[in-house]
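Below: one structure, written as structure tokens.
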Protein chains: 2
Amino acid sequence: MLKVVTVYEAIEIIKNKCSHCSIGTQSVGIFDSIGHIVCDDIIAREDIPPFDRSTVDGYAVHSADTFGAGESIPAELECVSHIKMGQPADFMINKGFCAGISTGGMLPEGADSVVMIENTDEEFGKCLVYYGVAPGENVNKKGSDIKSGSIAVKKGTKIMPAAVGVLAALGIYEIPVFKKPVVAIISTGDEIVNTAPSSGQIRDINTYLLDSCAKQAGCDTIVYGAVKDDRNLIETAVDDCLSRADAVLISGGSSAGKMDMTCDILDKKGEVYFHGIALKPGKPTIFAMADSKPVFGLPGHPLAAYFVFRLFVKEYLNTVMCMETESHFRTARIAANIPSNHGREELICVKIDSEGNAAPLYTKSGIISVLSEADGFIRIPRESEGLTSGTEVRVYRL
Amino acid sequence: MLKVVTVYEAIEIIKNKCSHCSIGTQSVGIFDSIGHIVCDDIIAREDIPPFDRSTVDGYAVHSADTFGAGESIPAELECVSHIKMGQPADFMINKGFCAGISTGGMLPEGADSVVMIENTDEEFGKCLVYYGVAPGENVNKKGSDIKSGSIAVKKGTKIMPAAVGVLAALGIYEIPVFKKPVVAIISTGDEIVNTAPSSGQIRDINTYLLDSCAKQAGCDTIVYGAVKDDRNLIETAVDDCLSRADAVLISGGSSAGKMDMTCDILDKKGEVYFHGIALKPGKPTIFAMADSKPVFGLPGHPLAAYFVFRLFVKEYLNTVMCMETESHFRTARIAANIPSNHGREELICVKIDSEGNAAPLYTKSGIISVLSEADGFIRIPRESEGLTSGTEVRVYRL
């Protein structure tokens, strides 16, 4: 029954099994789009900018007319017009001529560059240019920002201000996005209560912690609440959640006997693909598919449950929403020796100190407050026999 | 009228003037709390864990009884009970005795450590211990995670899973948070349209971009929309927004004449504290207070408007919600020479390459797509005469 896998194997299994899960798509208005995940490549149907656009206030010119111009020998051009903002520049600039233009204004045909107003004098329709500009100088060429036909926003992109800016530039105000996956959350444990705990009891942390993890990852949640370690109660909870959610998280039951019970329940409803990961913390983790939906058995310890969400539940979400696996966000040298981890990959919270080194935050398992202190975590490979102070490591975001 | 300030001066002015702005507080349920900013230090009223708690399955012992125990010379203890999860351990362990305990179970009085079950044998009420444990081994001591009376979550903390976990552990389900600041957004410009642009016109980007920036920063927004460069229309817009919002953002009007008009309007309604920042991009920025509310005049160029939000509007939000100014998230060596920046601080989008170096993404001003490509930005100080390739720089989050 015990199928222990490595972190790599666990992720491959989750990716593989969840690649057939579908959570559906929808269209959201641009003002409600932040945080949603784009479900199709969004193709630009326009050039941005839609015309050659001045980046300064000045005069649109033929650059060749200004070559060699300087303070003592200005080029003299005839100013034919001043281009109004928001108006077409529907005339032609011939050699020897120029037109006044504001920042953001449209270059008239013929002009290929703009001389900044500071480098000119205008008198009686004559413009003196004291500075030679290169072709294209002070101009955003049509399509230089975004080309019509190119992919403006990739499938799997989380919509943040950058994407909103691109979509607004293109006039795309309805965005095709994935529906928010609905994740149901069950906590189990005879010691878990939602009232003031009596002696020996402890408050339910995982329900709230996993709810916030899921929301942060862009999911909607169903909170089933805390369930005692009773086979019938847990079965009922799993059935109810499977009928209403896209995925089920059931935490607790980290000791061998309880884990077996959860595993047994899931094995009867569907198929258990692994039951234990060579990972610390996070060993007592189960992954099963039931009703074509993923069910994750997470450790009862909050920190371990957090990491299992971060590494494995997030991988399910990445898979169904075509997102890339998040990479490390920086490297750092570890600030202390880290001893061997006995053949399991080890995850350690770190704080980046003032010198930019990663100081490991050692904790006994079960501790929650360390998450608040940490700036990220590092992964010590399974094969490693420990790391010496000063070793460069990758730091991952919490 | 032109009051150009440095970035440092601008931030000091904003902090100073906005320290008197109040946006009010409210209480939110823990399930709705993610992303909110805590408005008071939250004090722990309980110890976490609330009792000495085992981190493994095994036997609670007096560690002294196991000193010197090994494979060949086990310590022999009498097992008095098996502690049930969620039940008080309301008996005493005397020397020479032990009690069975599960992960998360409560240590009985007298016991100071737990021997893992793998290191024991139990037969006929006798427990053979093959491993000597140190005092406190495999135990989370009462209050070791969070001490009653300590600050569990600091004022100004953005609520993320780590804080949710701590609050749930303490049974704090109603969280005192700041109300979401309401930010009103106005775009100006004769060339700005919300329909398919004709020749010379361009779509409104800043309304959407700044709306998403504000939402990402935890604000509610009022979208006033695009306004032509007309004094009366802009005045009406500012009045309307001041009456409904906590802060007003008015973008566009980057050319000298238009900026003067916005500045003039704001100077009549309140007081303009600066009018131009020695910053590239972002020079044409205005900060005023009117009706005791901050009004930001932002550049028309989307990238510049984005940076001004990121550096200055965010500083207002940090000030009113007691948040710390975000620091750089990593350092990197720049991958190319960066020429001088003419006495203005310069912000440059960078992409972290596969070697971990920061490659500058050069763009002409007005370009929006660069934001999607970038991993962060760097700040080139005003006094710098340029940076040579390989210089270590701080990289800030976008």
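Of note:
- Qualifying residue in the range B:58-75 (condition: in contact with a helix residue (DSSP H, G or I) (Cβ under 9 Å, 6 or more places away or on another chain) and either closer than 30 Å to A:Tyr208 by Cβ or not assigned by TED's automatic domain parsing to the domain that holds B:Glu109 (or both)): yes
- Residue tally, condition assigned to a strand (DSSP E or B), closer than 25 Å to B:Leu167 by Cβ and facing chain B (nearest Cβ under 10 Å), over the range A:353-398: 1
- Verdict on A:Val370 being of a type in the set (A, V, I, L, M, F, W, C) and at pLDDT 95 or above: no
- Within the range B:32-89, the set of residues being under 19 Å from B:Pro135 (Cα atoms), among the hydroxyl-bearing types (Ser, Thr, Tyr) and part of a loop (DSSP other than H, G, I, E, B) comprises B:Thr55 only.
- Yes/no for B:Ser33 being on the phi < 0 side of the Ramachandran plot, touching a residue at least 12 places away in the same chain (Cβ under 8 Å) and among the hydroxyl-bearing types (Ser, Thr, Tyr): yes
- Any chance B:Ala226 is touching a Phe, Trp or Tyr at 6+ places or on another chain (Cβ under 9 Å) and under 30 Å from A:Lys142 (Cα atoms): no
- Of all the listed residues (A:Ser63, A:Ser81), the sole one being over 30 Å from A:Met160 (Cβ atoms), surrounded by fewer than 23 Cβ atoms within 10 Å (Cβ to Cβ) and within 14 Å of chain B (Cβ to nearest Cβ) is A:Ser81.
- Breaking point among (1) of a type outside the set (A, V, I, L, M, F, W, C); (2) under 26 Å from B:Ile37 (Cβ atoms); (3) at pLDDT below 90, for B:Arg397: (3)
- Within the range B:131-161, the residues that satisfy the criterion of being at the interface with chain A (Cβ under 7 Å from one of its Cβ atoms) and closer than 29 Å to B:Asp112 by Cα are B:Asn140, B:Asp145, B:Ile146.
- A single entry from B:Ile11, B:Ile23 fulfils the requirement of being under 20 Å from the mean Cα position of the chain (by Cα), away from chain A (no Cβ under 14 Å) and not in a loop (DSSP other than H, G, I, E, B): B:Ile11.
- Pick from the range B:162-175, criterion over 30 Å from B:Ser19 (Cβ atoms) and in a loop (DSSP other than H, G, I, E, B), ranking: nearest to the other protein chains (Cβ to nearest Cβ): B:Gly171
- Answer residue from the range A:338-390, given it is more than 27 Å from B:Ser54 (Cα to Cα) and of a type in the set (S, T, N, Q) and is surrounded by the fewest Cβ atoms within 10 Å (Cβ to Cβ) among those: A:Ser354
- Residue within the range A:200-215 that is out of contact with any strand residue (DSSP E or B) (no Cβ under 7 Å at 6 or more places or on another chain) and within 26 Å of A:Val28 (Cα to Cα) present: yes
- Candidate set from the range B:342-352 (those that are over 22 Å from B:Phe309 (Cβ atoms) and assigned to a loop (DSSP other than H, G, I, E, B)); member that is farthest from the other protein chains (Cβ to nearest Cβ): B:Gly343
- Residues that are under 15 Å from A:Ala305 (Cβ atoms) and of a type in the set (Ser, Thr, Tyr) were ranked within the range A:183-223; the one that is surrounded by the fewest Cβ atoms within 10 Å (Cβ to Cβ) is A:Thr221.
- Residue that is nearest to A:Pro50 (Cα to Cα) [pool: residues in the range A:105-147 that are among the aliphatic types (A, V, I, L, M) and touching a residue at least 60 places away in the same chain (Cβ under 8 Å)]: A:Ile146
- With respect to (1) farther than 19 Å from A:Leu209 by Cβ; (2) at pLDDT below 90; (3) in contact with a His (Cβ under 8 Å, 6 or more places away or on another chain), the lone exception for A:Glu355 is condition (3).
- On the stretch given as the range A:321-337, residues that are under 21 Å from A:Ser292 (Cα atoms) and either buried (at least 20 other Cβ atoms within 10 Å of the Cβ) or among the acidic types (Asp, Glu) (or both) total 2.
- Residue that is farthest from A:Cys79 (Cα to Cα) [pool: residues in the range A:96-130 that are more than 45 Å from the chain's Cα centre (by Cα), modelled with pLDDT of 95 or more and assigned to a loop (DSSP other than H, G, I, E, B)]: A:Tyr130
- Hits in the range A:37-60 - residues which are out of contact with any Lys or Arg (no Cβ under 7 Å at 6 or more places or on another chain) and away from chain B (no Cβ under 11 Å): A:Ile42, A:Ile43, A:Tyr59, A:Ala60
Results for (1) over 28 Å from B:Glu392 (Cβ atoms); (2) hydrophobic (A, V, I, L, M, F, W, C), shown as yes or no for each residue.
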site	(1), (2)
A:Phe329	no, yes
A:Ile334	no, yes
A:Glu345	yes, no
A:Ala358	no, yes
A:Ser372	yes, no
A:Gly376	no, no
A:Arg382	yes, no
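- Tally, over the range A:316-331, of residues that are in a loop (DSSP other than H, G, I, E, B) and under 12 Å from A:Phe178 (Cβ atoms): 3
The values are calculated or read from the model by the stated rules, or taken from the named source; none is laboratory data. Everything numeric in this text was worked out from a predicted model, so none of it was measured. Neighbour counts run over all protein chains shown; Cβ positions are idealised from the backbone, glycine included.
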